[in-house]
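For reference, the structure discussed in these notes is given below.
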Amino acid sequence: MVKTLDDFIREYKKIQAMGWVKTHRSGNTGVGKTLEDLLGIPENNLHEPDFGVYELKAGRLESNSMLT
């Protein structure tokens, strides 16, 4: 599970080395959901950081979806 920025960087590098990964959910939320799953971050809609003081945001390259 990711609890610190160092944890995130370590786990993100592992995910990056995996190459292309099929999303775990279709639609605009699929990328973020998949990244959270791979990082071991439980899905939530809370107004608090995902780990430490950091809120994780992800999106598709050519998406018009807004990040909040």
If you take the Cα atoms of the chain, find Rg, then find the Kirkwood Rh from the mean of 1/r over all pairs, what is Rg/Rh? 0.94
Relative packing of 28-36, 2-10, which averages over residues the other C-beta atoms within 10 Å, highest first: 28-36, 2-10
Karplus 3J(HN,Hα) series, Hz, for the range 12-23 with 6.51 cos²θ - 1.76 cosθ + 1.60 (x for Gly, Pro): 5, 4, 5, 5, 4, 5, 5, x, 5, 10, 5, 5
Which far-off residues, 5 or more places away or on another chain, put their amide H under 5 Å from the one on Phe51, with H placed in the peptide plane? Leu56
Could you give each residue of the range 33-39 its phi-based ³J(HN,Hα) in whole Hz, using Karplus coefficients 6.51, -1.76, 1.60 with θ = phi - 60°, and x for Gly or Pro? 4, 5, 4, 4, 4, 5, 8
Per residue of the chain, what 222 nm ellipticity follows from adding -39500 (n - 2.57) for every DSSP H run with n ≥ 4, rounded to the nearest 500? -11000 deg cm²/dmol
Mind listing the phi-derived Karplus ³J(HN,Hα) values for the range 46-57, rounded to whole Hz, using 6.51, -1.76 and 1.60 with θ = phi - 60°, and x for any glycine or proline? 7, 8, 9, x, 6, 8, x, 10, 10, 9, 7, 10
At a 1.4 Å probe, what is the % contribution of carbon and sulfur to the accessible area of the chain? 54
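The values are calculated or read from the model by the stated rules, or taken from the named source; none is laboratory data. Only a predicted model underlies this, so the values are computations on that prediction, with no experimental measurement involved. Glycine gets a Cβ as well: all are built from the backbone with ideal geometry, and neighbour counts include every protein chain shown. Just so you know, the surface numbers come from the protein's heavy atoms only, side chains and all, with ligands and any DNA or RNA stripped out. Shrake-Rupley method; radii C 1.70, N 1.55, O 1.52, S 1.80 Å.
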